[in-house]
Structures are given as structure tokens and as C-alpha cells.
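Chemist: Submitted below is the structure of interest, expressed as C-alpha cells.
The values are calculated or read from the model by the stated rules, or taken from the named source; none is laboratory data. Quick caveat: nothing in here was measured; it's all calculated off a predicted structure. Note that we place each Cβ from the backbone using ideal geometry, even for glycine, and neighbour counts take in every protein chain shown. When the accessible area is computed, the model is the full protein with side chains, heavy atoms only, and any ligands, DNA or RNA have been set aside. Shrake-Rupley method; radii C 1.70, N 1.55, O 1.52, S 1.80 Å.
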Amino acid sequence: MWLLLAFVSAALLGVYDASKKSALKDNAVLPVLLLNTVFSTLIFSPFIIDSITGNGWFSGTMLDSAPYSGHQAGTALHAHILVLIKSFIVLTSWIFGYFGLKHLPITIVGPINATRPVMVLVGAMLIFGERLNWCQWTGVVLAVISLFLLSRSSKKESVDFTHNKWILFVAIAAIVGAVSGLYDKYIMTELSPMFVQGWYNFYQMILMGIIIAIMWYPHRKSTTPFHWSWAIPLISIFISAADFAYLTALNQPDSMISVVSLVRRGSVIVSFICGVLIFHEKNLKAKALDLALILAGMVFIWLGSK
């Protein structure tokens, strides 16, 4: 079940990336990110309010936002501290990732983000003692080869990986995202998915409000102006659904973060299709071959996890 949820999350994540790219076109990054956190908080507010008021409408269901899952127990303060740390990590990754995506083709950003599972894999083996079988390793190797080929094909679009600051931004987002994945595996052994998702969106909204007040609002007239886009609420809808499937997958005892993380990066296939159909990006033949390797890697991982 957890593997199926990972694939669902990957598909939703690809549409989320396309929504981000559309919303950020000629738009101010930080207000878009703030609105994302606002809409995401609104989506989960009914479940959080239910938990705070003690109505118990969703008690015992997958929408229950009680702090701890199963037989786990602990203080509410401890649970909130864990989620607040997650909020800092995720928001850092998002800020760098949003700026990078605004200035780069989505068919380049997607493959860079797809390097996260390799970093997560190393961390999972070192920290959680996870081990992959030969079929899963085959999938990982195919994915790594495809990423190498994709990085080479980007040179045809005059994107220099060594001297482009937006590439650096996306790389930082990927590294911090990998840290977030490992941290998620740690906290999801204790906390319930709905509690984590509802409260970390709320904390991100507060943090983004502070960042906007300090960094963007005083200088808004001298930077890229903000304009409304209907793609903005779509960002929140798709990331909320993708994260819910992802956190629910990690909450299952037999789930492997190394596998879940790699499957989620299959979202690059969906974002690639969007790059072709919606954004009309270039150099597609070489990238299509590379993405076929990623797809093959996903198949091997699925076979090895059955």
C-alpha cells in the first residue's frame, strides 16, 4: 500500500511543479509562496480545528489530526517542536526551489530535483539501516545514469551548471529536500500524517508572513511585481494531496524512505510532459530518452518492493 501511495504522490507532485512554473511566470516569488502556505493551511484547517476543539468528528479516521499515531505517546509540545523544525527545513528548500524554477526550464529543474533520492538513499542506509535488493539497486543505477545524461543535455540550452546561480539554488533546494525526507522518516514513526501536514503548513504560513514583511514588502516597488494567477491555488491543492499520500506512506511501519523518495522523483516524468504540452520547452528528444531510463528505474524499484 505504501508503494502505491508513493506513486500517487509522484503523479500529483509533477502537476504541482507545473502549477508552480505557471504561477511564477513574470511574478514575484515570495508572495506566491506565501499564498501557497495560506491556501494549504485553509485546506487542512477543518481537521486542525476539530482537534483543538475536541469535537472528534474525524477521530479514528485517516483525517484524525491527533498528534501521535497508533500506540505512540508524548507531549503536545514535543510534537509541535518536531513539526516546527520540519517547517523550517521545508520552507528553506521551497524558497531556493521557487527562485530556481522561475528562472530555469522545468525540464532541467525536474531532473536536478530527481537527484534527491540518491542523497536520501545514502542517508537511509547510514541512519536507518535500510538495505536494497538487486532489483531495487538496478532501478537506482538506471535513475542515476538518466540524471547524468539529463545534466549533459542541458548544455544545449546554454545552461552552465557551474556558473549559473539558479542551478545552485535548485541544487541547494534538492540537498535540503533530501534532509527533509530523512527527517520525515524519523518523525513519521511517531506522529500522525494529518497532524504533521496541518500544523507544518500553519507554521510555514507564519514564517512566510515574517519573511514577506521583512524582505519583500518594503522593497516590492523595486522588484518583480506580484500579480494574481489561478495557478496559485492549484499549487496548494496538488502539494497538499501529494504530501498527504507521501506522509501516509511513510507512516506505515514497513515503508522504506529510500524507495519512497525515489518513486516520488518519478514526478519528473509528469513535469516533463507538462513542459512539452504547456511550456513548449526545447531539446526534447535527448531528454525523452533520459526520462525513459527514469521510468525503467521506477519499474525495477516497484518489482523489487513487491
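Chemist: Failed condition for Tyr16, given (1) crowded, with 21+ Cβ neighbours inside 10 Å; (2) modelled with pLDDT under 90, with all others met?
Modeler: With respect to (1) crowded, with 21+ Cβ neighbours inside 10 Å; (2) modelled with pLDDT under 90, Tyr16 is out only on (2).
Chemist: Now for a different question. Exactly one of (1) open to solvent by 40 Å² or more (accessible area, probe 1.4 Å); (2) under 25 Å from Tyr186 (Cβ atoms) is unmet by His103. Its number?
Modeler: It fails just one condition, (2).
Chemist: Looking at the range 132-150, which of the residues that are over 23 Å from Asn283 (Cβ atoms) and out of contact with any Ser or Thr (no Cβ under 9 Å at 6 or more places or on another chain) is modelled with the lowest pLDDT?
Modeler: Applying the first criterion (over 23 Å from Asn283 (Cβ atoms)) to the range 132-150 yields 132-141.
Next, only the ones that are out of contact with any Ser or Thr (no Cβ under 9 Å at 6 or more places or on another chain) stay: 134, 137-139, 141.
Values: Trp134: 84, Trp137: 82, Thr138: 86, Gly139: 78, Val141: 84.
Among those residues, the one meeting the criterion is Gly139.
Chemist: Next up: Among all residue pairs at least 6 apart or on different chains, which show Cβ distances below 7 Å where the first residue, located in the range 256-267, is at positive phi and among the charged types (D, E, K, R) and the second is surrounded by 24 or more Cβ atoms within 10 Å (Cβ to Cβ) and at pLDDT below 75?
Modeler: Here the result reads none, with nothing in the range 256-267 linked to a residue that is surrounded by 24 or more Cβ atoms within 10 Å (Cβ to Cβ) and at pLDDT below 75.
Chemist: Residues that are over 20 Å from Met194 (Cα atoms), open to solvent by 60 Å² or more (accessible area, probe 1.4 Å) and in contact with a His (Cβ under 9 Å, 6 or more places away or on another chain): does the range 28-41 have at least one?
Modeler: Narrowing the range 28-41 to residues over 20 Å from Met194 (Cα atoms): 28-35.
Right, trim to open to solvent by 60 Å² or more (accessible area, probe 1.4 Å) and you get none.
The answer is no; no qualifying residue exists.
Chemist: Considering each residue of the range 252-290, count those that are under 19 Å from the mean Cα position of the chain (by Cα) and part of a helix (DSSP H, G or I), and give that number.
Modeler: The qualifying residues number 17.
Chemist: Anything in the range 178-193 that is outside any loop (DSSP other than H, G, I, E, B) and either farther than 20 Å from Thr92 by Cβ or touching a Pro at 6+ places or on another chain (Cβ under 6 Å) (or both)? List them, or say none. Full working, then the answer.
Modeler: To start, the set of residues in the range 178-193 that are outside any loop (DSSP other than H, G, I, E, B) comprises 178-187, 191, 193.
Matches in the range 178-193: Leu191, Pro193.
Chemist: Right, next: Check Pro31, Pro111, Pro67 and return the single one that is in contact with a Phe, Trp or Tyr (Cβ under 9 Å, 6 or more places away or on another chain), touching a residue at least 60 places away in the same chain (Cβ under 8 Å) and closer than 20 Å to Ala249 by Cβ.
Modeler: When all the criteria are applied, what remains is Pro67.
Chemist: Quick one: Ser40 ticks every box in (1) within 16 Å of Ile206 (Cα to Cα); (2) among the small types (Gly, Ala, Ser); (3) touching a strand residue (DSSP E or B) at 6+ places or on another chain (Cβ under 9 Å) bar one, so which box is it?
Modeler: The one condition Ser40 does not meet is (3).
Chemist: While we're looking at this one, here's another question. Among the numbered conditions (1) within 23 Å of Ala174 (Cα to Cα); (2) modelled with pLDDT under 90; (3) open to solvent by 50 Å² or more (accessible area, probe 1.4 Å), tell me where Trp57 comes up short.
Modeler: So the condition that Trp57 fails would be (1).
Chemist: Let me ask something else about it. Can you work out which of the residues in the range 14-51 that are in a loop (DSSP other than H, G, I, E, B) and charged (D, E, K, R) is farthest from Leu277 (Cα to Cα)? Explain how you work it out, then say what you get.
Modeler: Kept after step one, since they are in a loop (DSSP other than H, G, I, E, B), are these residues of the range 14-51: 24-28.
Now restrict to residues that are charged (D, E, K, R): 25-26.
On the way: Lys25: 16, Asp26: 19 Å.
Filtering first and then ranking leaves Asp26.
Chemist: Within the range 219-251, work out how many residues are open to solvent by 80 Å² or more (accessible area, probe 1.4 Å) and over 17 Å from the mean Cα position of the chain (by Cα). Talk me through it step by step, then tell me what you get.
Modeler: Within the range 219-251, the first condition is being open to solvent by 80 Å² or more (accessible area, probe 1.4 Å), and the residues that meet it are 219, 221-222, 225, 228, 230, 237.
With over 17 Å from the mean Cα position of the chain (by Cα) added as a condition, the list becomes 219, 221-222, 225, 228, 230.
Summing the residues that are open to solvent by 80 Å² or more (accessible area, probe 1.4 Å) and over 17 Å from the mean Cα position of the chain (by Cα) in the range 219-251 gives 6.
Chemist: Return the pair list, or none, for Cβ contacts closer than 6 Å from residues in the range 208-228 that are on the phi > 0 side of the Ramachandran plot to residues that are surrounded by 12 or more Cβ atoms within 10 Å (Cβ to Cβ), at least 6 apart or on different chains.
Modeler: none
Chemist: Among the residues in the range 35-49, are any of a type outside the set (A, V, I, L, M, F, W, C), more than 30 Å from Pro253 (Cβ to Cβ) and touching a residue at least 12 places away in the same chain (Cβ under 8 Å)? I'd like the intermediate steps shown before the answer.
Modeler: If we filter the range 35-49 for residues that are of a type outside the set (A, V, I, L, M, F, W, C), which is where we start, we get 36-37, 40-41, 45-46.
Now drop any that are not more than 30 Å from Pro253 (Cβ to Cβ), which leaves 36-37.
Okay, now just the ones that are also touching a residue at least 12 places away in the same chain (Cβ under 8 Å), so 36-37.
Yes, there is a match, as at least one residue in the range 35-49 is of a type outside the set (A, V, I, L, M, F, W, C), more than 30 Å from Pro253 (Cβ to Cβ) and touching a residue at least 12 places away in the same chain (Cβ under 8 Å).
Chemist: Tell me whether the range 230-253 contains one or more residues that are in contact with a Phe, Trp or Tyr (Cβ under 6 Å, 6 or more places away or on another chain) and among the aromatic types (Phe, Trp, Tyr).
Modeler: yes
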